[in-house]
Amino acid sequence: MEAKSGQNDYEQVREDLQKLRDDLAKLTKSVADGQKNNISHLRDEIRRESREAFDQVKQKGDEAFNRARDAGTKAVDDVEHKIEERPFLSIIIMFLAGLLVGRLLDR
């Protein structure tokens, strides 16, 4: 009788160990799936934030480009206006600048 009782205890311990293994496997899988979800969530958040940062940089770049373009356009308009006011003086200045550049390049 005691042998059967020992056998039953052994079987019970064996079954309990198998249940523990199964539970541990389920727990490990659950933790792994949770980590995958966390990583996926973090990856999505990083993508979103990097897109926002890129959009902000692009917007600031566009604004700077527009300011530079406006300043260039204004400078060209100012030069055209000065040439229209004094065309003869402008021709003389350009002639002298050409002579100066020619002399520098001859050396």
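The values are calculated or read from the model by the stated rules, or taken from the named source; none is laboratory data. Since this is a predicted model, take the numbers as computed values, not measurements. Quick reminder, even Gly has a Cβ in these numbers, built from the backbone with ideal geometry, and neighbours come from all protein chains shown.
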Identify the single condition in (1) surrounded by 10 or more Cβ atoms within 10 Å (Cβ to Cβ); (2) among the polar types (S, T, N, Q); (3) over 42 Å from the mean Cα position of the chain (by Cα) that Ser30 does not satisfy, given that it satisfies every other one. (3)
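Hey, among the residues in segment 77-90 that are of a type in the set (A, V, I, L, M) and within 51 Å of the chain's Cα centre (by Cα), which one's modelled with the lowest pLDDT? Break it down into steps so the answer makes sense when it comes.
Let us first name the residues in segment 77-90 that are of a type in the set (A, V, I, L, M), namely 79, 83, 89.
Next cut, within 51 Å of the chain's Cα centre (by Cα) only: 79, 83.
On the way: Val79: 87, Ile83: 84.
For segment 77-90, the residue satisfying everything is Ile83.
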Take Lys60 and decide whether it is part of a helix (DSSP H, G or I), modelled with pLDDT of 90 or more and among the charged types (D, E, K, R). yes
